[in-house]
Amino acid sequence: MNRFFPTRLVDGFKNNIRKSDELKHSVLNDATVAPDRFWDVLSYTGTISVFLILIQVVTGLLLLFYYSPNPLKAFESVIAIKNEIPNGFLFVNLHTINAKLIVLVLFIHMFRIMYVSAHRGPRKNQWYTGSVLMTLMLVTGFSGYLLPWSQQSYWACVIGTEAIRTVPLAGDLIVYLLRGGKEVAGPTLSIFYMLHIIFLPAGIIVFMWYHIKKVWQTGVAAPPEMIAGINPETCVGCGVCERICPFSAIRMMSGTGSKSMPEVDGGLCNACRLCLDKCPTQSITLKSQSGPMKTEPIFPHNMLHRMSATVVTIMILFAGVFFFHGMLIEDKIPADPFITPDRIKPDWYFMGPYQVLKIMPSEFTGLLSLLAIYLVLVFLPVIDKKGPRDPEKRPLYILLVKTSIFSFIIFTIWGFLS
Ligand code: HEM
């Protein structure tokens with residue numbers, strides 16, 4: 001027996017990873033698919049975000065001790081935290097770079113879900129709460145960007161809020177309320193500060209709780225090659241599965257004798273697990289259409305995999321803090337309302353939308369296009385409800401998803417370069 005790792009424990013751990021073409025449905029005590037390909041790790045991005053958000057809350061709370069939300073002192077207070085407080089630079093940079101990383105991880109989370117169509121059926125509420133979370137995170141990022149009260153942050157706020165003015169009828173009023181006056185000034189900083197440290201984080205915590213509660217209830221989406229499989233031995237032909245299926249993938253067919261038996265249309269089944277949960281005789285499991293696949297128990301194996309991915313992401317975050325903090329543009333020069341800088345750069349994730357605004361014939365049409373993209377994303381579960389889930393069986397949809405990702409990247413790079 002190894003002194004540190006008892007052999008029995010190690011063997012038990014190895015034996016738990018097995019090849020099977022069946023996946024049971026419970027979230028906690030059963031199996032899920034083991035990460036076999038690099039891309040499987042992307043299904044951990046939700047878990048990773050939870051930990052990154054925790055880091056954000058802790059560093060944010062520490063910064064609250066020394067930051068001053070006063071236009072005369074804000075810039076100096078950030079510089080003082082960096083230079084005078086022990087390890088202050090670490091907390092400021094962790095907070096700033098982590099804010100950028102969280103949005104990147106969330107974009108990946110969202111695009112992966114779109115790719116495997118995990119936004120449908122019983123998971124649509126996760127998608128809706130996720131959309132609210134994304135919106136809250138972006139607004140939190142926007143409000144936090146102003147707090148250092150530097151040239152870049154000041155003018156990014158001027159441009160960002162100015163764009164809202166084009167909203168018909170209510171535009172001016174919204175801008176006035178957001179800024180706390182006509183110009184970006186002291187009241188704007190107070191309003192953004194309150195939004196950033198109280199109201200938006202409170203909303204994020206509430207929606208995160210609900211989002212994760214829903215994931216807990218429905219379980220994480222099975223891989224696209226899985227479908228529901230019915231055990232004819234135990235099935236009593238009650239028809240609950242046919243009635244409950246949101247994808248019309250189960251039909252009751254006349255079987256032997258007087259008993260009707262459900263039949264699953266593999267092309268339509270989304271492996272959403274609803275029928276598994278509702279079947280009174282527990283005669284349904286998820287089965288792989290492409291032969292046996294590696295599965296692993298949720299606890300501890302899958303959780304350890306998730307934790308490993310989280311630790312690697314946190315290491316990347318620290319690498320960013322130590323190696324790239326000199327590249328942060330938002331902290332170089334204090335805000336000066338009388339000098340407009342040559343180049344105004346919003347945070348990276350607004351660079352693409354900002355570029356769209358710049359190339360459109362008017363700000364209004366730009367804003368309208370961005371609103372249309374936003375609404376399509378939010379209401380994706382209404383637009384894309386049924387049909388096959390396997391990316392290989394829906395090339396047009398996958399082309400659209402890939403084009404969206406590609407356009408987002410291109411517009412962001414274009415924004416940086418122009
Ligand atoms: C603060 C932001 C968010 C947090 C903390 C979060 C957290 C999570 C977690 C922990 C999961 C379980 C699977 C995993 O670990 O990836 C999950 C799944 C999910 N999330 Fe999020 N999420 C967030 C934002 C979003 C956004 C922006 C969307 C989409 C608009 C979204 C939609 C979903 C959906 C549909 C699932 C189910 C996916 C599946 O079953 O594979 N989430 N989320």
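Bear in mind that the values in this text are calculations on the coordinates, not laboratory data. All values reported here derive from a predicted model rather than from experimental measurement. All Cβ positions, even for glycine, are placed from backbone atoms using ideal geometry, and neighbour counts span all protein chains on display.
A straight chain from Glu84 to Ser248 at 0.36 nm per residue would run longer than the Cα-Cα distance by 52.6 nm. Go ahead and run the numbers for FRET between Phe323 and Val167, Cβ-Cβ distance against an R0 of 30 Å, rounding to 0.05. Computed FRET efficiency for Phe323 and Val167: 0.15.
Between the helical axis of 363-378 and the longest alpha-carbon principal axis of the chain there is an angle of about 30 degrees.
How would the range 274-418 be classified by its alpha-carbon gyration tensor: rounded, prolate or oblate, with rounded meaning a/c under 1.5 and the a/b versus b/c comparison settling the rest? It is oblate, given that a/c is not under 1.5 and a/b is not larger than b/c.
Bridgeable lysines around Lys332 (alpha carbons under 28 Å apart, same-chain partners fewer than 8 residues away excluded): Lys73, Lys82, Lys100, Lys182, Lys345, Lys358. Considering only Ala222, Ala99, Ala80, the mean-square fluctuation computed in a Gaussian network model of the chain, springs between alpha carbons under 10 angstrom, is largest for Ala80.
The listed peptides 203-213, 266-276, ordered by packing as a protection proxy, come out as 266-276, 203-213 (highest mean of other Cβ atoms within 10 Å first).
What number, rounded to the nearest 500 deg cm²/dmol, is the helix-based mean residue ellipticity at 222 nm of the chain, given -39500 (n - 2.57) per DSSP H run of at least four residues and division by all its residues?
That comes out to -17500 deg cm²/dmol.
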